[in-house]
Amino acid sequence: EAQVTQNPRYLITVTGKKLTVTCSQNMNHEYMSWYRQDPGLGLRQIYYSMNVEVTDKGDVPEGYKVSRKEKRNFPLILESPSPNQTSLYFCASSRSTGTYEQYFGPGTRLTVT
Amino acid sequence: SQQGEEDPQALSIQEGENATMNCSYKTSINNLQWYRQNSGRGLVHLILIRSNEREKHSGRLRVTLDTSKKSSSLLITASRAADTASYFCATDKGGSYIPTFGRGTSLIVHP
């Protein structure tokens, strides 16, 4: 089954404790992206990757890191999480850039206390 | 920054009625996409319309695109309670092909 998986689905952590949210897709997609969703703000792009070893900042990259060492994986790293990073995070992938439909993961609900 | 903005923010209708939501954007685009999100879940792609197209249909969905007005509309005909969800438009920014999403329209369909 074609899918995007994210782990963990729920995470409660404390300020400053490094964490990684994993994202994996099994569709051999070139393009992957991370979004955060907050009430009243819609989806905002954090980082995206056009292919392996190619990443770029989206609209709200501060406080986040990503890497794309393999085509299927695109982890999101929060080196020192803060309460303002409490949000619902989505990973998405598509065959190529915006010309194609994006497939979204189920989301990761992160709470930073 | 958000390229596309949906309108209205919220829409409440009775089952069987049609639902229309709009998306306006600021700069030229290559294509525009509509997505649906059930509460707290991942977005699901509904339809993509390219900048040289004016109308597309998919089942009960009809999407129009007016590039001169920089706007698109999504019409859901004969709505059902299961259509209750948030609907987002995603546009790229001309040559970038990087999609950005609006804040969405929350649709509630009452049985």
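Whole-Hz Karplus values for segment B:8-22 come out as x, 6, 9, 9, 10, 9, 8, 3, x, 7, 8, 10, 10, 10, 10 Hz, taken residue by residue from phi with 6.51 cos²θ - 1.76 cosθ + 1.60 and θ = phi - 60°; glycine and proline positions read x. Between the alpha-carbon centers of segment A:57-79 and segment B:17-82, tell me the distance in whole angstrom. With segment A:57-79 and segment B:17-82 each reduced to a Cα centre, they are spaced 29 Å.
Over all Cα atoms in chain A, the spread is summed up by Rg and Dmax: 13.1, 39 Å. Counting heavy atoms of the protein chains alone, residue A:65 has an accessible area of about 100 Å² for a 1.4 Å probe. Using a 1.4 angstrom probe on protein heavy atoms only, which residues from segment A:82-113 are buried by at least 50 Å² of accessible area when all chains are present rather than their own chain alone? At a threshold of 50 Å² (probe 1.4 Å), the residues of segment A:82-113 that become less exposed are A:98, A:99, A:101, A:102, A:104.
Straight Cα distances below 22 angstrom link residue B:56 to the lysines B:26, B:69, B:70, B:93, with same-chain residues fewer than 8 positions distant left out. Projecting the Cα atoms of B:45, B:23, B:77 onto the charge dipole of chain B, computed from C-beta unit charges around the Cα centre, puts B:45 farthest toward the positive end.
Per residue, the accessible area of segment A:19-113 comes to 41 Å², computed with a 1.4 Å probe over protein heavy atoms only. Of the accessible area of chain A, computed with a 1.4 Å probe over protein heavy atoms only, carbon and sulfur atoms account for 49 percent. Summing charges over neighbours of residue A:88, with a neighbour being any other residue whose Cβ is under 13 Å away from its Cβ, gives +4 when K and R count +1 and D and E count -1.
A convex hull fitted to the Cα coordinates of the protein assembly as shown yields 118 cubic angstrom per residue. Counting only the heavy atoms of the protein chains, how much of residue B:15 is accessible to a 1.4 Å probe, in Å² to the nearest 10? Accessible surface of residue B:15 is approximately 90 Å².
The values are calculated or read from the model by the stated rules, or taken from the named source; none is laboratory data. All values reported here derive from a predicted model rather than from experimental measurement. Backbone-built Cβ (ideal geometry, glycine too); neighbour counts: all protein chains shown. For accessibility, only protein heavy atoms count, side chains too; no ligands or nucleic acids. Shrake-Rupley method; radii C 1.70, N 1.55, O 1.52, S 1.80 Å.
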